[in-house]
Amino acid sequence: MKMKNELSRRDFLKTAGIAGAATLVGLNSIKAATTFNAQKSITIATVNSNFEREPLVRPFGFKGGYMTEIWQTANYLKSDSGIHQIGLSTQNVLWSDAQVFAAHSESGGNALMFALTERALQIMKGMRFTTPVDLLENIFPEVYAFGQKITSNPNLRKTFALNALVETDNAAWLLYAKENGFTTFDQMDSCGL
């Protein structure tokens, strides 16, 4: 049974085809053509973060390494309008970059990843953004370069920096939704993201 506002596979293909044709006839962007709501410009006024060490019942291993704990992280973002949100994540050094995991103690690797999270928040403080996609695209190069520096690994996997940004991204999406009055995913989707 089809739910209200649910696209069938056929409707999706039809819509995608129309959007593709529109780009061929000169529309500069599908995003411009599908944006129904003006998105607010959001300034991040306050940031904060914390983590909790969660011991595993038994060591968990893959990629030739074994973890005995994971770090559960939380990031807090508050806009200049006073709206605030918290993003949560589990950081995993072994999954993100096995070389970093092998080169450091387990706590040391986790601390390095959390340092990237903290660096991202400090970069974001005072920053203005319209969408979380734009925000993360703007900070990622600096966060990644910082990760290469503090791990002493010029070949650092990008997944290491991306994993350090999950809770930040989560908080930014929640803040974005609250600032724009979105209460469903479909409302954000209607903005062409």
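Any read-out appearing in this document is the output of simple, stated calculations on the displayed coordinates, not a laboratory observation. Keep in mind that this is a model prediction, so the values were computed, not measured. Because the Cβ atoms are built from the backbone with ideal geometry, glycine has one as well, and the counts that use them run over all protein chains shown.
For region 42-180, what percent of Cα pairs sit more than 20 Å apart?
Values: 4235 of 9591 pairs.
Summing the P(r) of region 42-180 above 20 Å gives 44 percent of all pairs.
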Inset, instruction - With label points built 7 Å along Cα→Cβ from the Cα atoms of Ser107 and Gln72, find their separation and express it in nm. - result: 2.0
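Rounded to the nearest 0.05, what FRET efficiency do Ala145 and Phe185 give with R0 = 35 Å and r taken as the Cβ-Cβ distance? Could you check? Kindly include the intermediate steps, with their values, before the conclusion.
Details: r = 33 Å, r/R0 = 0.93.
Result of the calculation: an efficiency of 0.60.
Expected output is a single nm value to one decimal: the length gained when fully extending between Asn138 and Ala115, i.e. 0.36 nm times separation in residues minus the C-alpha distance. What is it? Let's see the in-between values first.
Values: separation 23, 0.36 × 23 = 8.28 nm, distance 1.82 nm.
Between Asn138 and Ala115, full extension yields 6.5 nm more.
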